[in-house]
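Contents: one structure, followed by commentary.
The values are calculated or read from the model by the stated rules, or taken from the named source; none is laboratory data. Remember, predicted model here, so these are calculated numbers, not experimental data. Note that we place each Cβ from the backbone using ideal geometry, even for glycine, and neighbour counts take in every protein chain shown.
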Amino acid sequence: MSRLSQLTVPSMPQSVASTAAKSSFSQAPSNALVPPPPVAVKKDPKLANNWKTKSVDELSDAEVIAMPDTEYMNEKQMAFFRLKLVELKRGILENAGETTEHLREDTVVVPDPADRATIEEEHALELRTRDRERKLLKKIEQSIQRIDAGDYGYCDETGEPIGVGRLLARPTATLSLEAQQRRELKQKMFGD
């Protein structure tokens, strides 16, 4: 008798419980592991040369995307992404300060257990968010160091350009889209 058929659920007959257990462990279809096709970034040809006349803090995302591929990770792009990362870091640090203030303000004793539970759950959610931001802060620092070293914008695994569109979406990216998809597929198949 298989181990799966030995499973019992008190409210179900054994044959139903066994079927339910088997269906919960069914394999995902093989086409679920196929990564989505990469999306091409639209470049506006009218903006292609705007980067030459504008300062770094005046550049928009569209203008950086429109830059020619031959200018990938030139000084202006590096400075643009450095500015983006510094602003992201500043925002995270401001949020951390607001959380500290918010937690201090909400230390009032609430007699109703339901209200107290709601407040505690909100605090837990806020602290989880700040923990994620703390981890992102480390990645931001590493990205700024990569800019200083001149390695920013290139995949850690392949050495190929990561792409301006991907860096605008995730400025802390260290892998190209293809390398990231391979890593995620490997993690899905073999675990961490």
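A few comments on the model shown:
- Meets criteria (more than 18 Å from the chain's Cα centre (by Cα) and more than 20 Å from E71 (Cβ to Cβ)) for E120: yes
- Taken together, E71, E105, E98 contain a single residue that is at pLDDT 85 or above and of a type outside the set (K, R), which is E71.
- When M73 is tested against (1) within 23 Å of A173 (Cβ to Cβ); (2) assigned to a helix (DSSP H, G or I), only condition (2) is not met.
- Note on region 99-142: residues that are touching a residue at least 12 places away in the same chain (Cβ under 8 Å), closer than 29 Å to V86 by Cα, out of contact with any Leu (no Cβ under 6 Å at 6 or more places or on another chain) and aliphatic (A, V, I, L, M) total 4.
- Test for V34: is it within 22 Å of the chain's Cα centre (by Cα), at pLDDT below 60 and aliphatic (A, V, I, L, M): yes
- Scanning region 114-146 for residues being aliphatic (A, V, I, L, M), surrounded by 11 or more Cβ atoms within 10 Å (Cβ to Cβ) and closer than 21 Å to E98 by Cα gives a total of 5.
- Test: G153 is among the small types (G, A, S), within 25 Å of Q77 (Cβ to Cβ) and within 18 Å of the chain's Cα centre (by Cα): yes
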